[in-house]
1. Specify which of the listed residues (GLU30, GLU78, GLU40, GLU70) is modelled with pLDDT of 95 or more and out of contact with any strand residue (DSSP E or B) (no Cβ under 7 Å at 6 or more places or on another chain).
2. Condition test on VAL17, is it in contact with a helix residue (DSSP H, G or I) (Cβ under 6 Å, 6 or more places away or on another chain), part of a helix (DSSP H, G or I) and among the β-branched types (Val, Ile, Thr)?
3. Restricting the first residue to the range 50-77 and requiring it to be more than 23 Å from GLY36 (Cα to Cα) and touching a residue at least 40 places away in the same chain (Cβ under 8 Å), which pairs with a second residue that is assigned to a helix (DSSP H, G or I) and of a type in the set (Ser, Thr, Tyr) meet a Cβ separation below 6 Å and a spacing of at least six or different chains?
4. Which number in (1) at pLDDT below 95; (2) touching a helix residue (DSSP H, G or I) at 6+ places or on another chain (Cβ under 7 Å) marks the one condition that ALA3 misses?
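The values are calculated or read from the model by the stated rules, or taken from the named source; none is laboratory data. Note that this is a predicted model, so its numbers are computed, not measured. Every residue, glycine as well, gets a Cβ built from its backbone with ideal geometry; the counts of neighbours run over all protein chains shown.
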Amino acid sequence: MAAEGDETGLREELRMVEEDLVKLRETVAELRGTVGEHAEAPTDATEVSMLIAMADEQEQLMTTLEARREVLLRRLGEA
């Protein structure tokens, strides 16, 4: 019975991680698109640098979440 509860908790956490990954991918795409739009227009270099840094940070978070997803999938395979 406890294993069943553990599996339910793991599945819920996996669902949340996957939702977060979808949102982060969308955010990164928007940030990179904004940078691309600014590349063709005169803009403040500081703003462009900030957008690139924000996208990079989001991608690092995605890497962390992807690793967590793999751990959860392995644990679910063992359950």
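1. GLU70
2. yes
3. Sorted first by the residue in the range 50-77, then by its partner, the list stays empty.
4. Failed condition: (2).
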